[in-house]
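Asks: Quick one: structure below, then a few questions.
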Amino acid sequence: MLLMHTSTELVQQIPLWPSIPFFIILLAIAVGPLIAEEWWENNRNKLLVSAVLSIPTMYYLVSMGLTDHLKEQILGDYFPFIVLLTSLFVITGGIHLSGDIKAKPWVNTLFLGIGYLLASFMGTTGAAMLLIRPVISINQQRKYSVHTILFFIAAVANCGGLLTPLGDPPLLMLYLRGASFTWFFSLIPEWAFTGALLLIIYFIVDSKYYKKEPKANLAADATEIKPIRITGAINFIYLLGVIFSVAFINHDMIPDMAKEDAPFWLKHLRELILISLTVIAYFTTPQVTREKNKFSWGPIIEVAVVFIGIFITMTPTLIFLRQHAPDMGLTEAWQFYYATGLLSAFLDNTPTAVAFHSVASSIPLAENIPIVANVAEGILKAIATSAVFFGALTYIGNGPNFMVKSIAEDHGIKMPSFFGYMIKFSLIILLPIYILTQLIFM
């Protein structure tokens, strides 16, 4: 967990200006794909941006005697973060689902429901990459399919991942800060309510479009049938290994992992096991299976080079937020819900969740209220839920969103623009659901 108790910090308040590199890198992530798409697509350029912005931050932290904070950000947060994402990326990339069945509304709803269930245990990226191509294949004969991809982004690539630290990176960060693996199951009411509304609304919308389908399209859909097949199923065993590693290899189960003088291998035992599972999964999965999934290292390299810059440059911001949290006026769960959600939609939901956890952890706690990860439990629920849900409000809110959009467009599906997605879908479908969730549960 992030260390925030050194004497340097207690004696000296740090200003906001050292956070400028963090704001710049978030801005680059948001607008880079929009204004310089070709340049930004090159991972070397992303690494260059991360390096250029990280160097002055590292110099500032070292010169201020805050080296422990920098070390904890890299080894305590970034290393577990990227190891877990890589393991999920490689393992799920070895599972291939193929086939084509009738694209009836109940079939599509069933696939979205399965994805919603899987997202918390395979990660939103893993579940989305496993199911998006079969969903597109099933609907390839239908004229109206854009709405299916939009609901897929919301349900599978975002909201479904709320129940475990595996589901979405913001939850992993909260897990590393003290929330237990099983604590996230307490979010089942919010998860089930939102999922039920998404699937019911989708079924109604898809049924409406199904009635408008040309007869020729429905006839083609009925004749072009292929059975559903799964290859690379051994990776489900490795996936269970990841789940058990995250759930049981931690400070609570193995207290010696938290000792200051613990050796590196013990402090990072979980990550070393995850790396082993990743290597085994990669070399025991036939290459042809990964080729069918169009597997490449590009997406995870992109995450690695961008987030090393994020984790380093956000360190002064986290310290500043903790020092000035009482002055920000955020005290209620609903306030954290909308503040976290708004920034999660337009920035990245992982640093947003970390930032607001830092704010919440510095607010004086009332007596006799449940505390989780050094935060009032109601506030932590608000941060976790909104970071995951609101990531679906825009294409840039969560990593899988753009990946799903890109795959759909590669298959000839004309997706809405950045603002078209919001106007035609997220603001009129998702935002009302999220508001209802807050009014009922927070």
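The values are calculated or read from the model by the stated rules, or taken from the named source; none is laboratory data. Note that the structure is predicted; figures quoted are calculated from it, not measured. Cβ coordinates were reconstructed from backbone atoms using ideal geometry, including for glycine residues, and neighbour counts include every protein chain displayed. Surface accessibility is based on the protein's heavy atoms, side chains included, excluding ligands, DNA and RNA. Shrake-Rupley method; radii C 1.70, N 1.55, O 1.52, S 1.80 Å.
Asks: Just the residues that are out of contact with any Asp or Glu (no Cβ under 7 Å at 6 or more places or on another chain), open to solvent by less than 40 Å² (accessible area, probe 1.4 Å) and not polar (S, T, N, Q), please, taken from the range 411-442.
Replies: Correct list: Ile413, Pro416, Phe418, Gly420, Tyr421, Met422, Phe425, Ile429, Leu430, Ile433, Tyr434.
Asks: Additional query: From Gly420, Gly391, Gly412, which residue is in a loop (DSSP other than H, G, I, E, B) and small (Gly, Ala, Ser)?
Replies: One residue alone meets the criteria, Gly412.
Asks: Could I ask something else about it? I'm told Gly195 meets every condition in (1) in contact with a Cys (Cβ under 8 Å, 6 or more places away or on another chain); (2) over 19 Å from Leu131 (Cα atoms) except one. Can you identify the failing condition by its number?
Replies: (2)
Asks: Is it true that Ser54 is among the polar types (S, T, N, Q), out of contact with any Leu (no Cβ under 9 Å at 6 or more places or on another chain) and farther than 30 Å from His324 by Cα?
Replies: no
Asks: May I pose another question? For the range 241-341, list the helices (runs of 4 or more DSSP H) that sit wholly inside it and hold at least 1 residues that are farther than 29 Å from Met403 by Cβ; which are they?
Replies: Output list reads 264-267, 269-284, 315-324.
Asks: Next question, about the same structure. I'm checking my understanding of the structure. Among residues of the range 401-410 that are at pLDDT below 85 and not β-branched (Val, Ile, Thr), which one is most open to solvent (accessible area, probe 1.4 Å)?
Replies: Only one residue fits best here, namely Asp410.
Asks: Out of all the residues in the range 286-311, which are touching a helix residue (DSSP H, G or I) at 6+ places or on another chain (Cβ under 7 Å) and either on the phi > 0 side of the Ramachandran plot or of a type in the set (D, E, K, R) (or both)?
Replies: Glu302, the sole residue that qualifies.
Asks: In this structure, is Glu332 modelled with pLDDT of 90 or more, open to solvent by 30 Å² or more (accessible area, probe 1.4 Å) and not β-branched (Val, Ile, Thr)?
Replies: yes
Asks: Follow-up question, since we're still on this one. Within the range 122-135, take every residue that is open to solvent by 10 Å² or more (accessible area, probe 1.4 Å) and more than 10 Å from the chain's Cα centre (by Cα) and give me the one that is farthest from Leu88 (Cα to Cα).
Replies: Step by step, filter the range 122-135, then rank; the result is Arg133.
Asks: Listed residues Thr340, Thr231; which is surrounded by 19 or more Cβ atoms within 10 Å (Cβ to Cβ), in contact with a helix residue (DSSP H, G or I) (Cβ under 7 Å, 6 or more places away or on another chain) and among the polar types (S, T, N, Q)?
Replies: Step by step, each of Thr340, Thr231 is checked, and only Thr340 is surrounded by 19 or more Cβ atoms within 10 Å (Cβ to Cβ), in contact with a helix residue (DSSP H, G or I) (Cβ under 7 Å, 6 or more places away or on another chain) and among the polar types (S, T, N, Q).
Asks: If Asp221 passes every condition in (1) charged (D, E, K, R); (2) modelled with pLDDT of 95 or more; (3) farther than 24 Å from Ala384 by Cβ; (4) open to solvent by less than 60 Å² (accessible area, probe 1.4 Å) but one, which one does it miss?
Replies: (2)
Asks: With the condition kept exactly as written, say whether any residue in the range 90-110 is open to solvent by 10 Å² or more (accessible area, probe 1.4 Å) and free of Cβ contacts under 8 Å to residues at least 12 places away in the same chain.
Replies: Within the range 90-110, one or more residues are open to solvent by 10 Å² or more (accessible area, probe 1.4 Å) and free of Cβ contacts under 8 Å to residues at least 12 places away in the same chain.
Asks: Tally the residues that are more than 21 Å from the chain's Cα centre (by Cα) and under 22 Å from Ala30 (Cβ atoms), restricting the search to the range 318-358.
Replies: Residues meeting the conditions: 2.
Asks: If I ask for residues that are touching a strand residue (DSSP E or B) at 6+ places or on another chain (Cβ under 8 Å) and of a type in the set (S, T, N, Q), which ones from the range 279-325 would you list?
Replies: Residues satisfying the conditions are Thr289, Asn293.
Asks: Within the range 191-238, restricting attention to residues that are among the hydroxyl-bearing types (Ser, Thr, Tyr) and under 19 Å from Trp106 (Cβ atoms), which residue is nearest to the chain's Cα centre (by Cα)?
Replies: That would be Tyr202.
Asks: Which of the residues that make up the range 192-206 are touching a residue at least 60 places away in the same chain (Cβ under 8 Å) and either under 17 Å from Ile149 (Cβ atoms) or not small (Gly, Ala, Ser) (or both)?
Replies: Phe193, Thr194, Leu197, Leu198, Leu199, Ile201, Tyr202, Phe203, Asp206
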